[in-house]
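Visitor: Structure below; questions to follow.
The values are calculated or read from the model by the stated rules, or taken from the named source; none is laboratory data. All figures in this text were calculated on a predicted structure; none of them were measured in a lab. Cβ sites come from the backbone with ideal geometry, for glycine too, and all protein chains shown count toward neighbours.
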Amino acid sequence: MKILVAIKQVPARDSQLKIASSGQWIEDDDLTYEINEPDAYALEAGLQLKEKHGGEVVVLCFGPSRAGQTIREALAKGADRALHIESDDPGAFDPLAAGKLIAAAMKAESPDLVLTGIQSDDLGYGQTGPIVAELMGLPHATLIMEIEQNEGGIRVKRELEDGWFQHVEMPLPALLTIQSGISKLRYATLMGIKKAKSKEVKRVSAAELGGKPAASITMDRIYLPERTKKTQLFEGDPKEAAAKLVEKLRFEARVI
């Protein structure tokens, strides 16, 4: 089975973010970068399938030259080779334009299974996977918790709302977006890091794939969320007050 995993490089989660003077993005000169966390779980799912059923794992990354560091990390963890779509300004491509680039690069690979994270930590659109699946005419499913291969294809477990799950039988080839936290992420071993240096990384520019910057989505302004304090008193007997408190915590604060 050939498994293709789409990954993205994003600012590290513990970065101290500052809003740029334009007010439309963050200052990125001094940032450190890492693999998008949901994509790390997609990579882990792909590596586990390879270990169980054989085949190869190919990682695909759309990003600037610095994304090569993230690609090498994926190779060190066990991916067999990589494809890097290079662009100095990947942010100039909206989700549809980026999806077209990724789909164009994937056609030559003809993967049996495509895995992505559910969304990116920086923009959080959550659209790349479904867009690529639609462009390539692949059946797809989102929020995947488990993947089982069978004779006719795969059987997946999807996370729904309020603790419900759905099991779906799917043919191959297919595309899945993987839910975060479904397994324990592995670390790259010293041997893996050494092997990654000799693994193939094919580089292709966005222009070679026929892609052009397109931004149907514009960022007018970004800002820090306002912190406010609010006190609310619940009147009535203790039972009624407790019921109102639980309702607020569940549906407004969403902490239970």
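Visitor: Out of curiosity, is Ile178 more than 23 Å from Ala74 (Cα to Cα) and not small (Gly, Ala, Ser)?
Guide: no
Visitor: Condition test on Glu161, is it closer than 30 Å to Gly137 by Cβ, under 27 Å from the mean Cα position of the chain (by Cα) and assigned to a loop (DSSP other than H, G, I, E, B)?
Guide: Yes; evaluated as a whole, the condition is true for this residue.
Visitor: Can you tell me which residues in region 82-95 are surrounded by fewer than 19 Cβ atoms within 10 Å (Cβ to Cβ) and of a type in the set (A, V, I, L, M, F, W, C)?
Guide: Within region 82-95, Ala92 is the sole residue that qualifies.
Visitor: Pull up region 2-40, narrow it to residues that are out of contact with any strand residue (DSSP E or B) (no Cβ under 8 Å at 6 or more places or on another chain) and of a type in the set (Ser, Thr, Tyr), then point me to the one that is nearest to Asp89 (Cα to Cα).
Guide: Here the answer is Ser22.
Visitor: Then there's this: Within the group Ala108, Ala98, Ala79, which residue is buried (at least 22 other Cβ atoms within 10 Å of the Cβ), of a type in the set (A, V, I, L, M) and modelled with pLDDT under 95?
Guide: Exactly one residue qualifies, and that residue is Ala98.
Visitor: Under 8 Å by Cβ, and 6 or more places apart or on different chains, what pairs join a residue from region 133-158 that is in contact (Cβ under 8 Å) with a residue 60 or more places away in the chain and closer than 17 Å to Leu43 by Cβ with one that is of a type in the set (S, T, N, Q) and in a strand (DSSP E or B)?
Guide: That search, which allows pairs on different chains as well, returns Ile144/Thr177.
Visitor: Taking the options Val204, Val168, name whichever one is within 30 Å of Val58 (Cα to Cα) and surrounded by 15 or more Cβ atoms within 10 Å (Cβ to Cβ).
Guide: So the residue among Val204, Val168 that is within 30 Å of Val58 (Cα to Cα) and surrounded by 15 or more Cβ atoms within 10 Å (Cβ to Cβ) is Val204.
Visitor: How many residues does region 227-245 contain that are of a type outside the set (Lys, Arg) and exposed (fewer than 11 other Cβ atoms within 10 Å of the Cβ)?
Guide: Of the residues in region 227-245, 8 are of a type outside the set (Lys, Arg) and exposed (fewer than 11 other Cβ atoms within 10 Å of the Cβ).
Table: residues versus (1) surrounded by 10 or more Cβ atoms within 10 Å (Cβ to Cβ); (2) assigned to a loop (DSSP other than H, G, I, E, B); (3) modelled with pLDDT under 90.
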position: Thr177; (1), (2), (3): yes, no, no
position: Met191; (1), (2), (3): no, no, no
position: Lys194; (1), (2), (3): yes, no, no
position: Asp220; (1), (2), (3): no, yes, yes
position: Val255; (1), (2), (3): no, yes, yes
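Visitor: Additional query: Test each condition in (1) surrounded by fewer than 22 Cβ atoms within 10 Å (Cβ to Cβ); (2) in contact with a strand residue (DSSP E or B) (Cβ under 9 Å, 6 or more places away or on another chain) for Gly124 and report the one that comes out false.
Guide: (2)
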